[in-house]
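Laboratory data are not the source of any read-out in this text; all were calculated from the coordinates shown. None of these values were measured; they are calculated from a predicted model. Cβ placement follows ideal geometry from the backbone for every residue including glycine, while neighbour counts extend to all protein chains displayed.
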Amino acid sequence: MATANDRRNVLIVDDHEPTRLLIGRIVTQELGARVTLAGTCDEALHRAKADTYDVILLDLLMPGIGGYEVLRQIRARGANRTTPILVLSVMSGRDSIARCRELGASAFVAKPVDRELITTMLRSVLAQKGAAKQEGAAASPDNGC
């Protein structure tokens, strides 16, 4: 049986509060995940340094340093450098998608966000992460700790 500690931890970064809250509701209702919200680039980087997430949802069009730089900095260092990052943006041209891939994004979803699509993508990413975690645990020797 899953405990509160087994719940997935998701960071949602978007400067548009209604979008941030909508995505947070989707993630909570559909996946039962624990959600952390960030409305600025600085807040996103602070949260990414302070906690480890199972997945990060990131908007590109953000005031300040912007989503591309947030993505670059998260990938450059810290506990979340290998965390799956799903970029959610209205900037869905080839150049934007290619730049996100170069910076290490795991996937790209065009806004407006479709509930079914985002739920399916998150389940897939989290299942892959869970499988990788189990493989790592199986490969680790049991030292009785």
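Brief remarks follow.
- Restricting the calculation to alpha carbons of segment 1-89 gives Rg and Dmax of 12.4, 43 angstrom.
- Label-point gap, in nm, between residue 77 and residue 128 - each point 7 angstrom along Cα→Cβ: 2.7 nm
- Förster-model FRET efficiency, 22 Å R0, residue 90 and residue 69, C-beta, rounded to 0.05: 0.80
- Using the Cβ-Cβ distance between residue 7 and residue 98 with R0 set to 30 Å, the FRET efficiency works out to roughly 0.30.
- Taking label positions 7 Å along the Cα-Cβ direction at both residue 28 and residue 113, the computed distance is 1.3 nm, reported to one decimal.
- Semi-axis lengths, Å, segment 53-97, gyration tensor of Cα atoms, sqrt of 5 times eigenvalues: 18, 12, 9
- Rg to Rh, two decimals, where segment 38-120 supplies the alpha carbon set and Rh follows Kirkwood: 0.94
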